[in-house]
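Colleague: Encoded as C-alpha cells, here's the structure I'll be asking about.
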Ligand SMILES: CCC(=O)SCCNC(=O)CCNC(=O)[C@H](O)C(C)(C)COP(=O)(O)OP(=O)(O)OC[C@H]1O[C@@H](n2cnc3c(N)ncnc32)[C@H](O)[C@@H]1OP(=O)(O)O
C-alpha cells in the first residue's frame, strides 16, 4: 500500500514518537472524545496549520452548492486552516434558505487523503487530538444534517479523514480511478471525525468492521455493491457536470419539499422514534396545501410504471 511518510515528516516525527511511546492516552481520549463536542469553539491553534482552502459556490437559481477542497499540491489534504473554513462554510449553508443540494469534491486528481500529515505529526498531544476530533465531529455531523441532498463526487483517493468526510454526505458517486480507504487502524488510530459511526450505519456492523480493521482499498464496483456508493461516473465525463445531472432525480421538486424530505430522513435516522414521528408530522404540515401540493393536485397525477 502506498502509505506515505516523507523523510521530512519522519525527521519531525521520530523524536516526538520516542517521547510518546511511554505514555498512554487511552483514558483521556476515550472519556473526553465520547462527550458531546462543545459548540462555538474554533480552536484558534488550528489556523496556524495553514495552506490550502475550501471553496464554496452557491447558485440561488438552481439551489445547488459546490464545495471544493482546494489543496491540490497535497492532494487536498485538510489543514487546520481548511478545517476552520469548512466549519464556517457549513454554518453558511445552514442559513442558506434557497439551497436544495450540495456536491462535495476535491480539486484535481484526488478527493482527499485525510488530515494534512505535516500538521498531524506536529500535534501528537492528546489535548490537540481531542480538540481537532471535536471540531471535525461537530462540523461533519452538521454537514450530514444540512437540509440539502448532499453527494460526495469522488474522483481519486478518499483516504483516512477523506474516507470519513465522504460518509458525511447523503450519497457517494465515484469515477473509475477513485477509491476509498479507512487506513486509520494502520496508522495506530481509529476514525475520529464521526466516519466510523456513519460507515457502520451505512454498510452494517460486519462490513464496517472488515473495512475499518483491514484498511483495505474499496474500489468503485465494491462500493456500489455494498451500498457505500450509488453510481460510477462514466469515464470521460466532467465530474461536477455528471454529478449535477445525476442529482436532478432528487432536486426536481420545489425547494421546500426537497428540504422537508431530507429533514424527515435526518429525524428518522437520528432521533428516538416518538421525536422522529413528531418531526415528520411537522414537516408534513409545513408542505401540506403549499404550492407544490396544490400544483400536483391540479395535475391529477398518475404514478404508473
Ligand atoms: C484523521 C486522520 C487522518 O486523516 S490521517 C491521514 C491518513 N492519510 C494517509 O495516510 C494518506 C497518505 N497519502 C498517501 O498514501 C498517498 O499520498 C496517496 C494518497 C495514496 C497518493 O499517492 P500518490 O498518487 O503516489 O501521490 P504522492 O504520495 O506522491 O502525493 C502527492 C503529494 O501529496 C502529498 N500528500 C498526500 N497525502 C497527504 C496528506 N495526508 N497530508 C499531507 N500531504 C499529503 C504528498 O506528500 C505529496 O507531496 P510532495 O509531492 O511529496 O511534496
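Colleague: Any chance you could check the Cα centroid distance between region 159-228 and region 55-106 for me, in angstrom?
Modeller: If we compute the Cα centre of each part, the gap is 21 Å.
Colleague: Oh, and also: Expressed as an acute angle from 0 to 90° and rounded to the nearest 10, what is the orientation of the C-alpha long axis of helix 205-214 relative to the principal long axis of the chain?
Modeller: On a 0 to 90 degree scale, this one is about 30.
Colleague: Another question, then. Tell me the Rg and the Dmax, in Å, that the Cα atoms of the chain produce.
Modeller: When restricted to the Cα atoms of the chain, Rg and Dmax are 20.3, 73 Å.
Colleague: Okay, moving on. Return the inverse of the average 1/r over all pairs of distinct C-alpha atoms in region 102-145, which is the Kirkwood hydrodynamic radius, in Å to one decimal. Display every interim value, and only then the final one.
Modeller: Numbers: mean 1/r = 0.0813 Å⁻¹.
Averaging 1/r across every pair of different Cα atoms and inverting gives 12.3 Å.
Colleague: If you don't mind, there's one more thing I want to ask. Which length gain, in nm to one decimal place, applies between residue 45 and residue 277 when the Cα-Cα distance is subtracted from 0.36 nm times their residue separation?
Modeller: Values: separation 232, 0.36 × 232 = 83.52 nm, distance 4.15 nm.
That works out to 79.4 nm of additional length.
Colleague: Relative to the longest principal axis of the chain, what angle (0 to 90°, nearest 10) does the C-alpha long axis of helix 7-20 take?
Modeller: So the helix axis and the longest Cα principal axis differ by about 80 degrees.
Colleague: Dimensions of region 221-305 along principal axes (Cα, Å, largest first)?
Modeller: Computed over region 221-305, the largest-to-smallest principal extents equal 44, 37, 26 Å.
Colleague: Another question, if that's okay. When the expected Rg is taken as 2.2 N^0.38 Å, what fraction or multiple of it is the alpha-carbon Rg of region 154-305? It would help to have the intermediate numbers written out before the result.
Modeller: On the way: Rg = 18.7 Å, N = 152, 2.2 N^0.38 = 14.8 Å.
Compared with the compact-globule rule of thumb, region 154-305 sits at 1.26.
Colleague: Now for a separate question. Could you sort 234-245, 70-81 so that the peptide with the highest average Cβ count within 10 Å comes first and the rest follow in order? All intermediate terms of the calculation are to be shown ahead of the outcome.
Modeller: Values: 234-245: 13.9, 70-81: 21.2.
Packing order, densest peptide first, comes out as 70-81, 234-245.
Colleague: What distance in nm lies between label points placed 7 Å from Cα along the C-beta direction at residue 252 and residue 298?
Modeller: Placing both labels 7 Å beyond Cα along the Cβ direction yields 1.9 nm.
Colleague: What percent of all Cα-Cα pairs in region 86-197 falls in each 5 Å bin, counting up from 0?
Modeller: Reading upward from the zero bin: 2, 12, 21, 24, 20, 13, 6, 2, 0.
Colleague: Here's a follow-up. What is the distance, in nm, between label points placed 7 Å from the Cα along the Cα-to-Cβ direction at residue 265 and at residue 238?
Modeller: 2.6
Colleague: Once you have the Kirkwood Rh of region 139-223 from its Cα pairs, apply Stokes-Einstein at 4 °C and 1.567 mPa s and quote D in µm²/s.
Modeller: Working: Rh = 12.8 Å.
Answer from the Stokes-Einstein relation: 101 µm²/s.
Colleague: What's the Cα-based Rg to Rh of region 38-122, Rh via Kirkwood?
Modeller: My calculation of the ratio gives 1.01.
Colleague: Return 82, 119, 301, 174 ranked ascending by Cβ neighbour count within 10 Å, so the fewest neighbours appear first.
Modeller: Working: 82 26, 119 22, 301 8, 174 29.
In increasing order of surrounding Cβ atoms, one gets 301, 119, 82, 174.
Colleague: Can you tell me which of 131-143, 210-222 comes out highest on packing, and rank the rest after it, using the mean Cβ neighbours within 10 Å?
Modeller: Values: 131-143: 20.8, 210-222: 16.8.
Taking the mean over residues of other Cβ atoms within 10 Å, the ranking is 131-143, 210-222.
Coordinate-derived values only; no laboratory data. These numbers were taken from a predicted model, which means no experiment stands behind them. Quick reminder, even Gly has a Cβ in these numbers, built from the backbone with ideal geometry, and neighbours come from all protein chains shown.
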